[in-house]
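The structure appears below as structure tokens.
The values are calculated or read from the model by the stated rules, or taken from the named source; none is laboratory data. Here the structure is a predicted model, which means the values were calculated and not measured. Every residue, glycine among them, receives a Cβ derived from its backbone with ideal geometry; neighbour counts consider all protein chains shown.
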Amino acid sequence: MFETLRDDIRTAQAKDPAAESAAAVLLTYPGLHAVWLYRLAHALWTRDHDFSARLVAHIGRFLTGVEIHPGADIGDRLFIDHGMATVIGETSVVGDDVLLYHGVTLGGKSMQRTKRHPTLEDGVTVGANATLIGPVTVGENATVGAGAVVVDDVPPETTVVGNPARPLDRANADADETQSSTVTDRSGEE
């Protein structure tokens, strides 16, 4: 347990240039506190102590501003930077070494008791206020830009931006095409 806590603190220091010391991270990083409380809630959840698990998760949400359902499956070294308003739904799967910024939503799309939340593979980064909806998969080492809305799978090693999210190269091409189609010459003709 203590090795996991040390690993989490080292991860925060590696991923946040503002992390001044291990003590500061330990005492003042709500994203880490949320993950630690999630682990307790998840342990209760997997032992069929659903009410206790939900109570711990609720207390964690109140204290940190981060809502992680105790049924979510979260790997090692998740770092939630700033954290406020981050939501991780019940059937979400988050791999190892994932970085989430504030306001990220891993939301569901179905009312059925099935896999209805996103899967983030190892090494994924999700920018501030990005929303991922439904059972989409974000591939290994992919990046989701700030404010993106992801409704389709994201291939590994790809950066997606926009609403709906699309690969960065395609997004740039779409923007260039839109810009060139609205350019007018000096006579006012398009």
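Please give the number of the condition Asp7 fails out of (1) modelled with pLDDT of 95 or more; (2) of a type in the set (Asp, Glu); (3) out of contact with any helix residue (DSSP H, G or I) (no Cβ under 8 Å at 6 or more places or on another chain); (4) closer than 20 Å to Gly123 by Cβ.
Result: Asp7 passes all but (1).
Which one is surrounded by the most Cβ atoms within 10 Å (Cβ to Cβ), of the residues in region 57-112 that are without any contact (Cβ under 8 Å) to a residue 60 or more places away in the chain and aromatic (Phe, Trp, Tyr)?
Among those that are without any contact (Cβ under 8 Å) to a residue 60 or more places away in the chain and aromatic (Phe, Trp, Tyr), it is Tyr101.
Working carefully through the options Asp153, Asp122, find the one that is modelled with pLDDT of 95 or more, charged (D, E, K, R), out of contact with any Gly (no Cβ under 7 Å at 6 or more places or on another chain) and within 17 Å of Gly95 (Cα to Cα).
Step by step, each of Asp153, Asp122 is checked, and only Asp153 is modelled with pLDDT of 95 or more, charged (D, E, K, R), out of contact with any Gly (no Cβ under 7 Å at 6 or more places or on another chain) and within 17 Å of Gly95 (Cα to Cα).
Just for helices (runs of 4 or more DSSP H) wholly inside region 1-50: which have at least 3 residues that are surrounded by 12 or more Cβ atoms within 10 Å (Cβ to Cβ) and either touching a strand residue (DSSP E or B) at 6+ places or on another chain (Cβ under 7 Å) or among the basic types (Lys, Arg) (or both)?
In region 1-50, 2-15, 30-46 are the helices (runs of 4 or more DSSP H) which contain 3 or more residues that are surrounded by 12 or more Cβ atoms within 10 Å (Cβ to Cβ) and either touching a strand residue (DSSP E or B) at 6+ places or on another chain (Cβ under 7 Å) or among the basic types (Lys, Arg) (or both).
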